[in-house]
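These notes concern the structure reproduced below.
Quick note: the coordinates plus some simple rules give every number you see, no bench work behind them. Small disclaimer: the values here were computed from a predicted structure and weren't measured. Here the Cβ is made from the backbone with ideal geometry for all residues, glycine too, and neighbour counts use every protein chain on show.
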Amino acid sequence: MTIDLDRPDNAPPSSDSEQEEKKPAPPLLEAVFVTGAAQWSQLPTTGPIELAFAGRSNAGKSSAINALARRSKLAFASRTPGRTQQINFFQMRNGAYVVDLPGYGYAAVTRKTKDVWQDFLWRYVTERQTLVALVLVADIRRGLTDLDKPVLDAFLRSGRPVLILATKSDKLNVQERRRALAEMERSLLEYDVEGTASVTVVEFSATAHRGIEAADKVIAEWIA
Ligand SMILES: Nc1nc2c(ncn2[C@@H]2O[C@H](COP(=O)(O)OP(=O)(O)OP(=O)(O)O)[C@@H](O)[C@H]2O)c(=O)[nH]1
Ligand SMILES: [Mg+2]
């Protein structure tokens, strides 16, 4: 397994205007909503490859999708946790799907609803054949939690790549961000996964527009 930490703070400033002109368009630019699924039978038939945004409830998945699409309301983001209540499919320019998953760990639903729902999510993440890569959105202040770890573990063991967006980094100062990223890196080293799986960590903020181009680059490579 390879671990790649991309810290925007350490990146050299890009001021070369010629380089700016050659930048490819962001992969999620012009993405459009296709359909939503609340149960397995409603999932679109497998065809195009998919990449999914997973993470705890309220972590910032829908906001990250909006930021990467350079749109304010493509995916529905909200202050109310548990807002995304179905698996939403968007289609990128090149035909691949971006999938906005409901968060896990949302406390205010009954145990039974939670179990049924978590089973659906788990099945989607582990069994969906066209799912080629995962974006794991984690609040940088909480790091990788016990709810994220099984998803990350299952995914990496299957040999598929993961991009971790350490989001809401606007809530921390530089020093706190460094500490949080170092801690995240330490917990990633616990994964003793052999083979080709790779995990990239990007310090991210949807509100402060941080880490967006670094995330674009990883996603563009996945769908190339
Ligand atoms: N400060 C800050 N707030 C953010 C950021 N990203 C998301 N938020 C806020 O966090 C809350 C949840 O954002 P969502 O994008 O709806 O989170 P989600 O993971 O899609 O939530 P569920 O669909 O309910 O699981 C909203 O109030 C957002 O405005 C960020 O980078 N910085
Ligand atoms: Mg959401």
Fill in: Sequence-distant residues sharing a close amide H with R210 (under 5 Å, placed H)
S205
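Could you order the peptides 67-78, 159-170 from most to least packed, using the average number of other C-beta atoms within 10 Å per residue? List each step's numbers first, then the result.
Values: 67-78: 17.9, 159-170: 23.2.
The densest-packed peptide leads the list: 159-170, 67-78.
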Discussion item. Rounded, prolate or oblate, given the Cα gyration tensor of region 142-224, with a/c below 1.5 counting as rounded?
Written reply: oblate
Discussion item. Taking θ = phi - 60°, what integer Hz values does the Karplus form 6.51 cos²θ - 1.76 cosθ + 1.60 yield along region 140-151, in sequence order, with x for Gly and Pro?
Written reply: 4, 6, 9, x, 7, 9, 5, 7, 6, 4, x, 5
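Using a 10 Å cut-off around each Cβ, can you sort M184, M92 from fewest to most neighbouring Cβ atoms? Working shown, then result.
Working: M184 19, M92 22.
Exposure proxy ranking, most exposed first: M184, M92.
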